[in-house]
Amino acid sequence: WPAYLATRPKAFRKSLRRKETTLATAGSVELAAPDGSTAADGMARYLAVEQHSWKAVARRVGVAQSSAHLAFYRSLARTCAGTLGLRLLWRDLLYSLHIAHDSAWDRHSPGVVLTARELQQGFERREYAVFDFLSGILPNKGSWATTLLPTADVHFDRRNLRGTLHHVVEFR
């Protein structure tokens, strides 16, 4: 972790230390990633936090952005949590699914601190070689990345009015 952190710009490291200190003085900080034995409880806890985050306001982001997304993540937790926990680790890659925090803490930059803790934990445990932030929509992901990986999104729409409208609204 220290060697990786040393590759980040000095201003970034200084900002991270300041954010960690500011957040710690405001209250306790916990990186919680439930294991497989508590998948349902972990999912419920995560959803409660997400409902108080910017993701609930944005409505097009997060686990609960739609009933289909929520059903997918609940199914993932039910079927995979026993072996994976509520983390997706496959072929030496950890896919960072979702980080959430209560918006009441926004001024303390908890998302930055939680990302740092998640990365630090990965370095310390040596469980994977690549940490994939997934979906590059948030600019903060680039400040952590050492390499950009090409990705492709595949979307399937039915050939009916609803599918056509979805395609037009999403991609045009």
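The values are calculated or read from the model by the stated rules, or taken from the named source; none is laboratory data. The model shown is predicted, which means the values in this text are computed figures rather than measured ones. Virtual Cβ from ideal backbone geometry, glycine too; neighbours counted across all protein chains shown. Protein only, heavy atoms only, side chains kept; ligands, DNA and RNA dropped before computing areas. Shrake-Rupley method; radii C 1.70, N 1.55, O 1.52, S 1.80 Å.
Accessible area per residue for the chain in Å², computed with a 1.4 Å probe and the full protein assembly in place, what is it?
70
Which three lengths, in whole Å and largest first, does the chain cover when its Cα atoms are put on their principal axes?
Principal-axis extents of the Cα atoms in the chain, largest first: 53, 37, 36 Å.
With the full set of protein chains in place, find how many percent of the accessible area of the chain is carbon and sulfur; take the probe as 1.4 Å. Could you put the intermediate results ahead of the total?
Working: 6700 of 12010 Å².
Percent of accessible area from carbon and sulfur atoms in the chain: 56.
Round to the nearest 10 and report in Å² the accessible area of E170, as given by a 1.4 Å probe over the protein chains' heavy atoms.
So the heavy atoms of E170 present about 80 Å² to solvent.
Suppose a student asked you for the relative contact order of the stretch 41-172, using Cα pairs under 8 Å spaced at least 6 residues apart; what percent would you report?
20
Ranking request for peptides 107-120, 52-65, 155-168: highest mean number of other beta-carbon atoms within 10 Å first, then the rest in descending order.
107-120, 52-65, 155-168
Rounded if a/c is under 1.5, else prolate if a/b beats b/c, else oblate: with a ≥ b ≥ c from the C-alpha gyration tensor eigenvalues square-rooted, which is the stretch 96-172?
Working: a/c = 2.92, a/b = 1.77, b/c = 1.65.
Because a/c hits 1.5 or more and a/b exceeds b/c, the stretch 96-172 counts as prolate.
What ranking of W1, W105 comes out by heavy-atom accessible area, probe 1.4 Å, highest first?
Final ranking, largest accessible area leading: W105, W1.
What ranking of D132, D106, D41 comes out by heavy-atom accessible area, probe 1.4 Å, highest first?
Final ranking, largest accessible area leading: D41, D106, D132.
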